[in-house]
C-alpha cells in the first residue's frame, strides 16, 4: 500500500506508474489518499504490520514530516529521527508538497506550454497580475493557482506527470513508487 495525503497525490503516483508500464492492481498495490497527514496514524494502525500486515510506504508534505515521523513510531514501524531514516522505512518527503516538486521539475516554460495546451494560460496570466500575487515568484503563483480552482489541482496532477520527461520526475514521487513492491 502507498499512503499519500490527498487525491492529487494518488493521481500523480498512479499516472507515473502507468508511464513506467506498471499495473499496480496486478501487482496488488493500492494507492490510498489518507485525507491528510493527520489521518495517517489511523491508516497505519489499520493496514500496517500490527494489523492487516501490509507493507505500507508513503509520501508526505514537508510541513507534515514531523507528524508522519510520530505516526510511524506510534504504529510500531520505527522511530525515524530524520528523512534518511524515514526513507529507509519507505516514507518520502516532498519539499512544500508534491505540486511544488512537479512545478520545479517542469520549469516555467514547460508549465506555460502545458497551460497553453489546456487553454488555461490566459487564466494563469490574469491570476499572476492580481495585486496579492504580483510580487511572488512563478512557483508560488503556480501553486496558488492550482489550489484556487475547483478540481484544478486534481486535474493537473495527471497532466504535470504526463508532461514530464521521465528523467525529470521528482525524487520523492519516483522513490515512493520504487518502494512499492
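Computed from the coordinates by the stated procedures, all read-outs in this text should not be read as laboratory data. Just so it is clear, the structure is predicted and the values come from calculations on it, not from any experiment. Here Cβ is always computed from backbone atoms with ideal geometry, including for glycine, and neighbour counts include all displayed protein chains.
When the range 14-46 is filtered for residues that are touching a helix residue (DSSP H, G or I) at 6+ places or on another chain (Cβ under 6 Å) and farther than 19 Å from residue 73 by Cβ, the ones remaining, listed by number, are 15, 16, 17, 24, 31, 33. Looking at the range 80-181, the helices (runs of 4 or more DSSP H) lying wholly inside it that each contain 1 or more residues that are in contact with a strand residue (DSSP E or B) (Cβ under 9 Å, 6 or more places away or on another chain) and buried (at least 16 other Cβ atoms within 10 Å of the Cβ) sit at 83-88, 98-117, 171-179.
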